[in-house]
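Worksheet: one structure, shown below.
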Amino acid sequence: NGSNGGRRGMFSVIGADVVISGNVKASAELHVEGRIEGDVDCAGLIQGAESQIIGGVSAESARIAGAIEGAVRVRQLTVERTARISGDVEYENITIENGGHIDGRMRRIGATTVTITPLIGSDAPRAPLTTTVEPAAANLV
């Protein structure tokens, strides 16, 4: 598909019999059925149910069905029922199928936590309030 000069429709496959020790970077979609011992950085990730990634994952979109041991940062994330993620997850939009497991902290990309101390009166105790502020769509990365 290189004739159109773009990455649309292009993908790479790491087969079930492949073990990679080292970081993987792909400018297009990556289909992983094997094992990667290193960080993965790609435009899109499709992970098979029997595959393992021991390292961080960074992508615009991902459909996770296998095991990940590491931090995950994905804009559009789908965690399938067979998925097992051990690590912190950052996402913009997430879907978790019934049975999918995430063992780690979850944080929405673009959300900001703000602590406000209201001034009710000079003698009143001050109780901080915490709220999440969503940025305007134009400010999203």
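The values are calculated or read from the model by the stated rules, or taken from the named source; none is laboratory data. Owing to the predicted nature of the structure, the values given are computational and were not obtained by experimental measurement. Because the Cβ atoms are built from the backbone with ideal geometry, glycine has one as well, and the counts that use them run over all protein chains shown. Side chains are part of the model used for accessible areas, which takes the heavy atoms of the whole protein and leaves out ligands, DNA and RNA. Shrake-Rupley method; radii C 1.70, N 1.55, O 1.52, S 1.80 Å.
Heavy-atom accessible surface of E69, to the nearest 10 Å², is about 100 Å², with a 1.4 Å probe and all protein chains retained.
Shape of region 38-100 from its Cα gyration tensor (a ≥ b ≥ c, root eigenvalues): rounded if a/c is under 1.5, otherwise prolate when a/b > b/c, or oblate? It comes out rounded by the Cα gyration axes. Placing a label point 7 Å from the Cα of M10 along the Cα-to-Cβ direction, the residues of region 34-73 whose backbone N falls under 18 Å from that point are 41-46, 59-61. Rounded to the nearest whole Hz, the Karplus-based 3J(HN,Hα) values (6.51 cos²θ - 1.76 cosθ + 1.60, θ = phi - 60°) of region 78-94 follow the sequence 10, 9, 6, 4, 8, 6, 9, 10, 10, x, 6, 10, 10, 8, 9, 10, 9, with x at glycine and proline. One chain, two ends: E69 and M106. Fully extended at 0.36 nm per residue, the span grows by 11.9 nm beyond their Cα-Cα distance. Extending 7 Å from the Cα toward the beta-carbon at both K25 and E60 defines two label points whose distance is 1.7 nm. Note that region 44-53 has calculated 3J(HN,Hα) couplings of x, 10, 10, 10, x, 5, 9, 8, 9, 10 Hz, one per residue in order, obtained from phi through the Karplus relation 6.51 cos²θ - 1.76 cosθ + 1.60 (θ = phi - 60°); glycine and proline are x. Close amide H partners of G104, meaning residues 5 or more places away or on another chain with modelled amide H under 5 Å apart, are G87.
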